[in-house]
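The values are calculated or read from the model by the stated rules, or taken from the named source; none is laboratory data. Fair warning: this is a prediction, and the values are worked out from it, not measured in the lab. Cβ: placed from backbone, ideal geometry, glycine included. Neighbour counts: every protein chain shown.
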């Protein structure tokens, strides 16, 4: 394996800028930030696969077609890792299965969002804001807003770039280590396990399906949703996941169709109060 | 408030919303222009009273200071509260307390629009898939730009209309959103992410037995209420065990 870098520090900076600029800009319920990830890869596609439209298309496809979501500002360090992995793949396409990329991505994105949502949104920003509000709330002076902008960009903006760049560097080293030994298949398996456990938790936290039925007979009312939840909290989400999996994987149903089904289920469910 | 002021505030409101194309995206938009503290100063400048703008901005910012959007799920929408609440309070010479109540109410409306945008944005995913199939890579990459249409309209129009025509019209609109629409959007919004998650599970599940890992992660959250870091550690422990005790790849030298 050659040690020649395909991307310069400037390329990584361009990628970071693209990511921060467009990370959330087409937020959608189905794949969240994946189009933004693809846009970032688009900036480096000519560096990774010069004059190779097929590979460039694969690169875009890999990144746009799978769900991706994390905290964009500091959690971008994960995106740095993704960039590093794509670079390694471009250098050595056969040694690096698509699976390895997606399993690492899946295993990292949830925890990164968890850590950085609380560190960035929950800690750093409130502290800075509280200081600045304190300076201006009585007097209405401009010191507060100006200091906020300076602190935000000086601390949080700088940290965002450093995290991204270090994520990229760590990604390169880590991936090279994995690829240079004979642990690749076992590593993919292990990464898949982490990915599945994390995705299980993410599904539980971001999806909700509630049954709205209540049987009333005299003073007695039975809340079906409560009963279902006492069997297993969010049982319907678990069932829904399997049905969706069955349709997509076993029946090869198109995603557009599944969304129409879901719309239908939501409309019928609402009016029959089956769902709430 | 005259037409130009209302347009400027609505544009500023769009730029300061999460997911808008502002300088450096959310960092320059939502986290800078969109903070009530900063927005208050800017709105104040547009309306000719910076000091009052900053005071109102500070009060509203304090109200939203703990707002954290975890995993794409939003607790409250800071945008309408800021860009409708502050201007209206300034024009109506409302007290800081009244501005806060208005902001909190508008936050709820913003939340509805937030979810609604995220659902209709799924149509762009179909566009992206088509463009990708046709080999139009630039078209795929530019999706975050042309995909702004819905988001822009859903942010600009409510802010502009309310600032220009006053709050009575906004109240009319808020009551005009039928309960069934809110209900259906809520139900659909809870289900749609399943598609994305399943598309990932698809690549991770090799054998049916692997579902156990998924269910474990699910239950760790629902039944034990642990945070995502704990989930990660459990996953890592299981992965380490699997890594150490599964068969070695190919020829081993050990």
Seminar exercise, completed: When residue A:151 is run through (1) more than 10 Å from every other protein chain (Cβ to nearest Cβ); (2) crowded, with 19+ Cβ neighbours inside 10 Å, the failure sits at (2)
Seminar exercise, completed: Considering region B:217-228, residues that are in a helix (DSSP H, G or I) and either buried (at least 20 other Cβ atoms within 10 Å of the Cβ) or touching a helix residue (DSSP H, G or I) at 6+ places or on another chain (Cβ under 6 Å) (or both), and then whichever is farthest from the other protein chains (Cβ to nearest Cβ), we arrive at B:220
Seminar exercise, completed: Requiring at least 3 residues that are closer than 17 Å to residue A:255 by Cβ and within 7 Å of chain A (Cβ to nearest Cβ), the helices (runs of 4 or more DSSP H) wholly within region B:131-208 are B:179-191, B:193-204
Exercise. Is region A:60-78 home to any residue that is without any contact (Cβ under 8 Å) to a residue 12 or more places away in the chain, assigned to a helix (DSSP H, G or I) and in the same structural domain as residue A:114 (by TED's automatic domain parsing)?
Worked result: yes
Seminar exercise, completed: Counting only residues that are without any contact (Cβ under 8 Å) to a residue 24 or more places away in the chain and crowded, with 20+ Cβ neighbours inside 10 Å, region A:1-35 contains a total of 7
Exercise. Of all residues in region A:18-50, which are at pLDDT below 90 and more than 8 Å from every other protein chain (Cβ to nearest Cβ)?
Worked result: none
Exercise. Among the residues of region A:155-166, is there at least one that is within 15 Å of residue B:38 (Cβ to Cβ) and either out of contact with any strand residue (DSSP E or B) (no Cβ under 7 Å at 6 or more places or on another chain) or surrounded by fewer than 22 Cβ atoms within 10 Å (Cβ to Cβ) (or both)?
Worked result: yes
Exercise. Looking at region A:177-269, what helices (runs of 4 or more DSSP H) fall wholly within it and have at least 3 residues that are facing chain B (nearest Cβ under 10 Å), over 30 Å from residue B:245 (Cβ atoms) and more than 21 Å from the chain's Cα centre (by Cα)?
Worked result: A:235-245
Problem set entry | Conditions (1) part of a helix (DSSP H, G or I); (2) more than 7 Å from chain A (Cβ to nearest Cβ); (3) surrounded by fewer than 21 Cβ atoms within 10 Å (Cβ to Cβ); number of the one not met by residue B:23 | (1)
Exercise. Taking the condition touching a helix residue (DSSP H, G or I) at 6+ places or on another chain (Cβ under 8 Å) and not assigned by TED's automatic domain parsing to the domain that holds residue A:196, does residue A:247 pass?
Worked result: yes
